[in-house]
1. Do we find a residue being among the aliphatic types (A, V, I, L, M) and either at positive phi or in contact with a helix residue (DSSP H, G or I) (Cβ under 6 Å, 6 or more places away or on another chain) (or both) anywhere in the range 121-131?
2. Going by the structure shown, is V52 touching a Leu at 6+ places or on another chain (Cβ under 7 Å), among the hydrophobic types (A, V, I, L, M, F, W, C) and surrounded by 14 or more Cβ atoms within 10 Å (Cβ to Cβ)?
3. So, in the range 32-81, how many residues would count as being among the hydrophobic types (A, V, I, L, M, F, W, C), in a strand (DSSP E or B) and without any contact (Cβ under 8 Å) to a residue 40 or more places away in the chain?
4. Mind listing whichever residues of the range 204-219 are part of a helix (DSSP H, G or I) and either out of contact with any helix residue (DSSP H, G or I) (no Cβ under 8 Å at 6 or more places or on another chain) or buried (at least 17 other Cβ atoms within 10 Å of the Cβ) (or both)?
5. Regarding L114, is this residue buried (at least 16 other Cβ atoms within 10 Å of the Cβ), at pLDDT 95 or above and part of a strand (DSSP E or B)?
6. In the set A89, A105, A36, which member is aliphatic (A, V, I, L, M) and touching a strand residue (DSSP E or B) at 6+ places or on another chain (Cβ under 8 Å)?
7. Those residues that are closer than 25 Å to V203 by Cβ and either outside any loop (DSSP other than H, G, I, E, B) or free of Cβ contacts under 8 Å to residues at least 12 places away in the same chain (or both), I need them from the range 220-250; list them, please.
8. For residues that are within 14 Å of I215 (Cβ to Cβ), crowded, with 23+ Cβ neighbours inside 10 Å and hydroxyl-bearing (S, T, Y), tally how many sit in the range 10-25.
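The values are calculated or read from the model by the stated rules, or taken from the named source; none is laboratory data. What you see is a predicted model; the values in this text were computed from it and never measured. We place every Cβ from the backbone using ideal geometry, glycine too, and count neighbours over all the protein chains shown.
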Amino acid sequence: MKQTAFITGATSGIGKATAEIFAKNKIRLILCGRRAERLKELQEELSKLTEVTTLQFDVRDRYDVADQIANLPIDFKQIDILINNAGNAHGLSTIQEGNIDDWDAMLDINVKGLLYVSRAIIPQMTTRNSGFIVNIGSIAGKEVYPNGNVYCASKHAVNALNKAMRIDLNKHNIRVSGIHPGAVETEFSEVRFKGDAQKAENVYKGYKALQAEDIADIIHFVITRPYHVNIEDLVVYPTAQASPTIMNKN
């Protein structure tokens, strides 16, 4: 039977690349994001390969999240795979100079948004005693680096929630996996540096960063293992990166 996957943050980067590889493998898609035009374009493109529906919402709005998921079209109501991908970084400053609005955005999207979406979907999985949740974390959830304070805290929370989900959902036969990328060349740095393209570009100079397609390929590998296999926690670096702060740049 064809599986249905629900992907947050689907309009760019890892989310978009995951949607593309899932579509090529005939997985039915529910694509979620804030940017309506991008959702429309992606739906038109991927509908040539599989069934696709879209939900436009901000994961920070718990009421809209719950309402839209509750009112999915009948053919998309059973969600087999949840990819909690929506997340971002705002700013790169010391704790004493941090922007509180940036802190709110990171905690609201990276932590609370993940919880709102998960809470709306997990009960149907527990009812069926089947399902797969993939939480996209970061190496920032494994180590803390200078000026990463609140972003690192938010991704440490994702790491903890990933473990907690696996424990709570074990009796329901639900697989839970965390994937924690290092440097990935996406819009991530542009958002972090608030549109400063030069700063964002410099992040990826002098080495080959991971590409969104690299992580999408890993996500597809993880979800296609035999059901008794759960790859529970995976850290992925580009070859040039040894830690959050050690990078071999030419």
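1. Looking for residues that are among the aliphatic types (A, V, I, L, M) and either at positive phi or in contact with a helix residue (DSSP H, G or I) (Cβ under 6 Å, 6 or more places away or on another chain) (or both), one finds none in the range 121-131, hence no.
2. On the way: touching a Leu at 6+ places or on another chain (Cβ under 7 Å): yes; among the hydrophobic types (A, V, I, L, M, F, W, C): yes; surrounded by 14 or more Cβ atoms within 10 Å (Cβ to Cβ): yes.
Yes; evaluated as a whole, the condition is true for this residue.
3. Of the residues in that region, 2 qualify.
4. Taking the range 204-219 first, the residues part of a helix (DSSP H, G or I) are 212-219.
Across the range 204-219, the qualifying residues are A212, D214, I215, A216, I218, I219.
5. On the way: buried (at least 16 other Cβ atoms within 10 Å of the Cβ): yes; at pLDDT 95 or above: yes; part of a strand (DSSP E or B): no.
Here the answer is no, as L114 does not meet what is asked.
6. Exactly one residue qualifies, and that residue is A36.
7. Result: L234, V235, V236, Q241, A242, S243, I246, M247.
8. 1
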